[in-house]
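All remarks here apply to the structure that follows.
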Amino acid sequence: MPARLPLLAAAAVTLLGLTGCAADDGPSGDTPALTVESSATECTVSADEAPAGTIRFTVHNAGDQVTEFYLLGDDKLRIVGEVENIGPGLSRDLVVQLQAGTYYTTCKPGMQGDGVGTAPFTVTPSTAAAPDLSADTAAQVESANTAYAAYVTEEVEQLVEGTARFAAAYTAGDDEAARDLYAPTRIHWERIETVAESFGDLDPRLDAREADLAEGEAWTGWHAIEKDLWAGNAGADFERYSADQRAELARQLVADTATLQGKAEGLSFTLAQQANGAIGLLDEVAGSKISGEEEFWSHTDLSDFQGNIDGARVLYQGLREIVVAKEPALAEQLDAEFAAVQALLEAQRAGDGFTPYTGLTPAEVKAFSDQVNALGEPLNRLTSVVVG
Amino acid sequence: MAEPSEATDAAQAPRGLSRRGLLGLAGAGLAGLGVGVAGDRAALAATAAATGTKAAGAYAFYGTHQAGIVTPAQDRLHFAAFDMSPGSSRDDLIELLKDWTVASAAMTAGRDIGDFGAAGGPYDAPPEDTGEALGLPASGLTITVGFGPTLFQATDGTDRFGLAHNRPAELTTLPHFPGDLLEEARSGGDLCIQACANDPQVAVHAIRNLSRIAFGRAAIRWSQLGFGRTSSTSTSQATARNLFGFKDGTANVMAEEPGAAAEHVWVQPGEGPAWLAGGSYLVARRIRMTIETWDRSILSEQEAVIGRTKGEGAPLSGGTEFTEPDFALAGRSGPLIGPHAHMRLAHPDQNHGIRLLRRGYNFVDGNDELGRLAAGLFFISFQRSPEQFITVQQNLAGHDALNEYIRHVGSALFAVPPGVRPGSFLGAPLFAP
């Protein structure tokens, strides 16, 4: 099911580059606060200069079209920071860390054209100026991105390979082999679920549950096959699929997975996307794994749970050094909570997989749920901390 | 006379104070010292005077005693019992109580929690406050925290938080009473929070945010919504009715009775461990009513079971609601107030003068699998010693005619620490070296 935060969706405040924006850190403190009035023809900034450091622009849309505010570099092209999607009458903040230099401010009512009211904006030298991201941090960001892109590629490769074997066994009518391959293959999907969900209708075609479908909608993907493989749990009314139906479902599964591989090739991820990806994966756990809804017939939910946690932990590990530098207590807390959730999962290992969801006691399910909440509260602060 | 809001002005933390910056409160809260019951009364008087605007009233969070006990019973309840998380430490518990203190002081004053509240924070972070109380007044919100027996010593005997030596001897699981059908999942708990307000959304907002703050340190074990108060704790309030349709709590301990709270509600210095002086004991009982059966019993039986008239609430021995019952007054076949009448068995005269401060709420949690309303009374009482409740309940459980129509399905006992001094936190004396 789609996460609250599909990984590649644009955030309200888009963060560009490594020296770009700081997160909105609230109205308190010494941050110089500037106001911007964006109308159909004007883009009036309350001051045309500010000392270097963290600067907040509160952009008010006084026009009747959706507007955007851009802070551009001295070439009037490079985007240093932007706020998009400001509806008429609304205010949105852009908080940026700026070095001394010349910049340009401009508004884009209607979200098109070259912008109106473009004006120079001077940032004067200041002792309060925050240092630019160090070369170390920049390297950390770059290596996190490279490492995550490689992880996605690797997981998709394993998914493609496992799906081929699973589809072959299912088509051949070797149900036992297909059942054995089901959870170990799907875990590769679950590890990168928030990436996979970014590609339009691929997610519903591969991962829709029966309850997600509209009346009369065709059902394809993993869960359609799951119901057939665990027909014994599907109720007396369920008719097993014909050999032709099986072959078609298997063919489609392989083809859609190949499409996914093509789209996942060469992706690049911003800091915010990586942090939001970790958050999104945990939301997946909290939403459908903790309740046993995801694997309604096979009850292999804990394997999916492990996959989501694996993916979230990989994303967090990539960002961890940045978190340690900015808010060590958060890193400490996240380390402890990830370890605690893993300990609960380890206690449910059975053979190559996990205890079926239906084999968990209510107390065990509650322990998982409590621990997902315990991890989720600090993890949901990750984005604001790493981009802040 | 003070306006209700003034009672809390002194306790307002400056905006922007960190959730963890608790000790910074000391200066700001100075004027709140010694508010205690007096503060409650001032607010109470103002609330009573300002009929129609009572939802706007705010009660002081800081004081000698916790609010929400002798405070005039608000209309709505959200009560939650928590268990500390496996592996949590004494420091986790202390931090949790500090965080709860700061958030409770903000919410009872009608403010959002956190530095930025519900709508002022970073776009890339979840809002600190959940936001459903934005724009709503304090609504008389009180937050009252208690400590269960298992906080001091787990059921397996372990002393998780180094508190076993501080456990009051009386703080144990309540004894089994005849007829108890207790459900484990609705009973007990390491900690409890009673949130009462005149707006249900404000009460729910309080529990929601306090449980969110607790994630990773404590989790809700059970919780209960109550939609109508069944007791009056002040002579300024009309006596409310329970779901049997009868007035309840006529002979309650009232805030205006001189000395009554000290005698019946507050643990006095020298009784038990020092940290509990100025505190109380909270008994919570989820009492399911079989109201369908009750509703088809004839009026004379209903009145005989309760011992009062249904309309006025007068004792069957005569007079009006507040007339003292005459338990000896006989009719043609025995006393007018029968030997098994609920009011007789619960009355102080039949219980060695014991009184409880009752603060219960009606609940209807949808329906059961048979289509019967899952209705009842969420009984809450505060007392100086659990022995008071045990004595009365033993009397009731053995003989009360009302037992035909009720089932006790949940039970818990908590020690309620005294009020919080500005700059300190809930239960701080318990952790003093």
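Laboratory data are not the source of any read-out in this text; all were calculated from the coordinates shown. Note that the structure is a prediction, hence the values are computed from the model and not measured. Every residue, glycine as well, gets a Cβ built from its backbone with ideal geometry; the counts of neighbours run over all protein chains shown.
Overview of results
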{"read-out": "Overall form of the protein assembly as shown per C-alpha gyration tensor (a/c, 1.5; a/b vs b/c)", "value": "oblate"}
{"read-out": "A:Glu248/A:Glu49 FRET efficiency (R0 60 Å; Cβ-Cβ; nearest 0.05)", "value": "0.35"}
{"read-out": "Protection proxy ranking of B:138-151, A:338-351 - average other beta-carbon atoms within 10 Å, highest first", "value": "B:138-151, A:338-351"}
{"read-out": "Kirkwood Rh and Cα Rg combined as Rg/Rh, the range B:123-234", "value": "1.03"}
{"read-out": "For the range B:155-210, diffusion coefficient by Stokes-Einstein and Kirkwood Rh (Cα), 4 °C, 1.567 mPa s, µm²/s", "value": "88"}
{"read-out": "Cβ-based net charge around B:Asp365, under 10 Å, with every Lys or Arg adding one and every Asp or Glu removing one", "value": "+1"}
{"read-out": "Hz values of 3J(HN,Hα) by residue in the range A:222-234 - Karplus curve (6.51, -1.76, 1.60), Gly and Pro given as x", "value": "4, 6, 4, 6, 3, 4, 5, 6, 10, 4, x, 9, 9"}
{"read-out": "Hydrodynamic radius by Kirkwood, which averages 1/r over all alpha carbon pairs of the range A:135-386, in angstrom", "value": "19.0"}
{"read-out": "Residue of B:Thr293, B:Thr173, B:Thr250 that the Gaussian network model of chain B assigns the largest fluctuation, springs spanning Cα pairs under 10 Å", "value": "B:Thr293"}
{"read-out": "Shape box of chain B [Cα atoms, principal axes, largest first, Å]", "value": "73, 52, 48"}
{"read-out": "Over the range A:33-124, equivalent-ellipsoid semi-axes from the Cα gyration tensor in Å", "value": "20, 13, 10"}
{"read-out": "Calculated FRET efficiency for the pair A:Asp64/A:Glu217, C-beta based, R₀ 22 Å, to 0.05", "value": "0.05"}
{"read-out": "The range A:272-348: trypsin sites (Lys or Arg not before Pro) in DSSP coil with no more than 13 other Cβ atoms inside 10 Å", "value": "none"}
{"read-out": "With Cα atoms, 0 to 90° folded angle of helix A:271-284 axis to chain A main axis", "value": "40"}
{"read-out": "Euclidean distance of C-alpha centroids, the range B:251-286 and the range B:95-140, integer Å", "value": "30"}
{"read-out": "Distance between the range A:348-388 and the range B:145-192 - C-alpha centres, whole angstrom", "value": "28"}
{"read-out": "Among A:Thr137, A:Thr127, A:Thr257, residue whose mean-square fluctuation peaks in a GNM of chain A (springs only between Cα atoms under 10 Å)", "value": "A:Thr127"}
{"read-out": "Average beta carbon contacts from partner chains per residue of A:366-373, 10 Å cutoff", "value": "4"}
{"read-out": "Distance between the range A:91-131 and the range A:293-332 - C-alpha centres, whole angstrom", "value": "36"}
{"read-out": "Charge context of B:Leu141, other residues only, Cβ under 10 angstrom, K/R +1, D/E -1", "value": "0"}
{"read-out": "Net charge of Cβ neighbours under 13 Å - reference A:Pro328; Lys, Arg +1; Asp, Glu -1", "value": "-2"}
{"read-out": "Estimated distance in nm for a label pair at B:Glu369 and A:Ala325, the labels positioned 7 Å out from Cα along Cα-to-Cβ", "value": "5.9"}
{"read-out": "Shape metrics for the range A:244-388, restricted to C-alpha atoms - Rg then Dmax, Å", "value": "17.3, 57"}
{"read-out": "Net lengthening on full extension, B:Ala260/B:Asp349 (0.36 nm per residue, minus Cα-Cα)", "value": "30.5 nm"}
{"read-out": "0 to 90° range, to nearest 10: angle between helix A:301-326 axis and chain A longest Cα axis", "value": "20"}
{"read-out": "Bridge type composition, the range A:33-124 - antiparallel percent by DSSP, nearest 5", "value": "75"}
{"read-out": "Cα gyration tensor shape for the range B:68-115, rounded if a/c is under 1.5, else prolate or oblate", "value": "oblate"}
{"read-out": "Fraction of antiparallel bridges per DSSP, chain A only, in percent to nearest 5", "value": "75"}
{"read-out": "Rounded to 10°, Cα long-axis angle of helix B:90-108 versus longest principal axis of chain B", "value": "80"}
{"read-out": "Gyration tensor (alpha-carbon) shape descriptor, the range B:229-277, a/c threshold 1.5", "value": "prolate"}
{"read-out": "Among A:Val95, A:Val116, A:Val372: highest mean-square fluctuation, GNM of chain A, C-alpha pairs under 10 Å", "value": "A:Val116"}
